[in-house]
Amino acid sequence: MPCTISKLRRRQRIALTQAERKFDTSGRKSPYSEDPRNSCTRTSSAIRQVTAQSLLLSCATILSASTVRAVSPTVADSKTDLIASMKWMNEPASSKRSGDRLLVRSRAKTDFWRKTFYGYITDNGHLFYMPVSGDFVFQARVNGEYAALYDQAGLMVRQNAENWVKCGTEFFDGQRHASVVFTRDFSDWSTMPDLSSTAPIWWRAVRKKDSIETLCSLDGRNFTSVRQGYFVPGVETKVGIMCAAPEGPGFEAAFDDLKLEIG
């Protein structure tokens, strides 16, 4: 900015000098040349006009530079862009975004499950997703106020109602468990003790060729593989975060640190 203003001031001085020469030259005919007072008036008027134009140019340049400084830091990061590009399948009771964090309250009697053991099909859980094709790695940090039987929150990769995978924390037997369900028309459920009884857990889904691997972590760096299974290759999927409350009145889940790497 100092260099720009200095150049403008030099241009302003040159313009003033040229204006004085133009209007003070006695040999040049002008409607003001017959009266010295008219010549001075014309010169003063021209100088004021040039000065005003120069000042306007200076102000415009300064405002432009200020605008650039104000706009540059507002470029959204990848996390904010990721959330902005996602949408709901089966909207929850409520959802609230704060920066890269999303708070979601699930509705009562919601779930993703098909046929196995129970005999019913439920497909009304909440999925906040984006369409993704090909291989990818998707992860998010997940926590919730788990309290009722089968309260659950985590990730989901979904082709359609008959082909999907969900993974995350699920509450049963009075405690949290790491839970994964692979579904190809019939749901196939596996569990293990959760990594913590209170802390948020990073969950990761890795799609490669004809498989999906699910992993979890306490620190977002060191991941434990929970399960790997077949998934239909070469199809577009819905990838995102999910929650459901199959037996309870609904609960609040928190999601942040969403990341997606494609390829």
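In region 118-194, what chymotrypsin sites (Phe, Trp or Tyr not before Pro) fall in a loop by DSSP, with at most 15 other Cβ atoms inside 10 Å? Of the chymotrypsin sites (Phe, Trp or Tyr not before Pro), the ones in loops of region 118-194 whose Cβ has at most 15 other Cβ atoms within 10 Å are Y118, Y120. In the structure shown, the pairs K115/K238; K87/K115; K87/K166 are assessed against 20 Å; a Cα-Cα span above that value is assigned to K115/K238; K87/K115. Here the scattering of region 78-262 is modelled by Debye summation over its C-alpha atoms, one equal scatterer each and no solvent; at q = 0.09, 0.13, 0.16 Å⁻¹ the log10 of I(q)/I(0) is -0.26, -0.57, -0.92. Between F117 and S190, the modelled label-to-label distance comes to 1.5 nm, taking each label 7 Å out from Cα in the direction of the beta carbon.
Partner aspartates and glutamates whose Cα lies under 18 Å from the Cα of K209, excluding those fewer than 8 positions away in the same chain, are identified as D135, E236, E261. Phi-derived couplings, Karplus 6.51 cos²θ - 1.76 cosθ + 1.60 at θ = phi - 60°, listed residue by residue for region 145-160: 8, 5, 8, 9, 3, 6, 3, 8, 8, x, 10, 8, 10, 9, 8, 7 Hz, with x used for Gly and Pro. Under the combined filter of DSSP loop state and at most 15 neighbouring Cβ atoms within 10 Å, region 172-214 retains these trypsin sites (Lys or Arg not before Pro): K209. Summarising the label geometry, the points placed 7 Å from Cα in the beta-carbon direction at I262 and N90 lie 2.6 nm from one another. Peptide packing: for 102-111, 194-203, the average count of neighbouring Cβ atoms within 10 Å per residue gives the ranking 102-111, 194-203, highest mean first. In a DSSP loop and with at most 10 other Cβ atoms within 10 Å, the GluC sites (Glu not before Pro) in region 199-263 are E236.
Computed from the Kirkwood radius of its Cα pairs, the Stokes-Einstein diffusion coefficient for region 142-207 at 20 °C and 1.002 mPa s stands at 175 µm²/s. Taken as Cα centroids, region 95-111 and region 215-263 sit 15 Å apart, rounded to the nearest whole angstrom. Extension gain for the segment T198 to L218, taken as residue separation times 0.36 nm less the Cα-Cα distance, is 6.1 nm to one decimal.
Read-outs: derived from the displayed coordinates by stated rules, not from any lab. Remember, it's a predicted structure, so these values are computed and weren't measured experimentally. Note that each Cβ is placed from the backbone with ideal geometry, even for glycine, and that neighbours are counted across all protein chains shown.
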